[in-house]
1. Which of TRP79, TRP24 comes first, and how do the rest follow, when ranked by fewest Cβ neighbours within 10 Å?
2. Just to check I understand the Karplus step: with θ = phi - 60° and J = 6.51 cos²θ - 1.76 cosθ + 1.60, what whole-Hz values come out for segment 108-114, glycine and proline as x?
3. Given the options PRO102, ALA112, PRO132, identify the residue whose Cα lies farthest towards the positive end of the charge dipole of the chain (+1 on Cβ of Lys, Arg; -1 on Cβ of Asp, Glu).
4. Arrange the following residues from fewest to most other Cβ atoms within 10 Å of their Cβ: VAL167, VAL19.
5. May I ask you to derive the relative contact order of the chain, considering only C-alpha pairs under 8 Å and at least 6 residues apart, and to give it as an integer percent?
6. Can you give the longest run of the chain that contains no trypsin sites (Lys or Arg not before Pro) sitting in a DSSP loop with at most 16 other Cβ atoms inside 10 Å?
7. For ILE169, ILE66, what ranking results if the residue with the fewest other Cβ atoms within 10 Å of its Cβ goes first?
8. Subtracting the Cα-Cα distance from 0.36 nm times the residue separation, let me have the gained length for ALA118 to ASP47 in nm, one decimal.
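A short reminder: the numbers here are calculations on the coordinates, not readings from a lab. This one's a predicted model, so the numbers in the text were calculated from it and none came from an experiment. With ideal geometry, Cβ positions are generated from the backbone for all residues, glycine too; neighbour counts draw on all protein chains shown.
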Amino acid sequence: MAVYKQGILGPFSGKVGTVVGASWRGMPYIRSLATKVANPKTPAQLDVRNRLSETSKALRPFIDTIRHGFVAAGVAAGWPQAVKVNRELTLKGDDELYHLKPEDIILSQGAADFQASASYASGSLSLEWSSPSSTDELYDARVYLAVFNEANSKAVNFSADISAGEVAIGVNAILTGTQQDALHLYYFAATSELSSVSVHQKLS
């Protein structure tokens, strides 16, 4: 390691060639001149960035729910794993940009078995399921659901203890008040160690 000793004119400061002289807490030092980091915008890089950006944008309304849907061996992978899985489902449209369709979104990925029945009318959603027995792998699980309005990209996220057997929520807060609302329901059950795959259903 080099040792910097002051000369007769005192410490060196400023830029000379490829080195810079400065001081830190009264102690002079020299360092190499910082180099600019190249950030080329090649077609391939722009393609990757657009795909990642679209995936994150499409999943953002579900952030409160999606972090519970990706678990393995007790490890909650959450958002990073959700982005990774859904990024592969994006498709390039006629505008040459990537898009993630609401019906393709996956909020949970797991092998546990969970079935439910949904009904929707006049801004109220009901979801019913069979309560698990004490020997069921989802006995201590919670049921997570989200309703997404494609017309305004708003969502309502909700969860309930699986032992309840049913849940009813109002979704008027995300409605536009017109006939253009296209509502999508997603639901799954999860514990801290496992989950079921999310189910998608278009509401009408």
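1. Arranged by neighbour count, lowest to highest, TRP79, TRP24 become TRP24, TRP79.
2. Calculated HN-Hα couplings, in order: 8, 9, x, 9, 5, 9, 8 Hz.
3. Sorting the options by dipole projection puts first PRO102.
4. VAL19, VAL167
5. Once normalised by length, the contact order is 19 percent.
6. It runs 42-204.
7. Ranking ILE169, ILE66 by Cβ neighbours within 10 Å, fewest first, gives ILE169, ILE66.
8. Taking ALA118 through ASP47 to full extension adds about 21.8 nm, to one decimal.
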